[in-house]
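Notes for the one structure printed next.
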Amino acid sequence: MIDKTLSAMFKVVTEEAAANPAFGKRIEDSIAKFGQELAEKRRAERNVGEFHPFIEYKKSAQELEARLGRFDARELRVIIEKHHLDPANTLKGKGTKKTLVAHILATARKRHERDEKLFEY
């Protein structure tokens, strides 16, 4: 059912893009923008790699802060997304580099303190 619906929708969009050059241009621009944003996000994901803020904090809070300072804002957003550091979406995917670093540090510190209490014997 969904295949037929999508085929019909794409047929209408394709026909409109052919008949209306302005519409076709907006579609092309939108797809190009999406492709650029996706490429930038994938690049940021590769740069972040296996970096884990909680493990780094456990080693050294100062070292974590220094390492976070070497990431750009897009890479910091990838870290936040990858490790679910903003479940309430308080940052709303925005924020300056300084704000993002502060948020990651605060979250790592809270998690470390919580884990110490949980595993205290």
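Readers should treat all values here as calculations from the given coordinates under stated rules, not as data from a laboratory. Since we're looking at a predicted model, the values are computed, not measured. With ideal geometry, Cβ positions are generated from the backbone for all residues, glycine too; neighbour counts draw on all protein chains shown.
Data overview
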item: Hull shadow area, averaged, the range 31-121 [alpha-carbon convex hull, nm²]; result: 6.5 nm²
item: Local electrostatic count at PHE23 - Lys and Arg +1, Asp and Glu -1, tallied over other residues with Cβ under 14 Å; result: -2
item: Mean projection area, nm², convex hull over Cα of the range 1-81; result: 8.0 nm²
item: Sorted peptide list for 98-109, 63-74, 37-48, criterion being average Cβ within 10 angstrom, highest first; result: 98-109, 63-74, 37-48
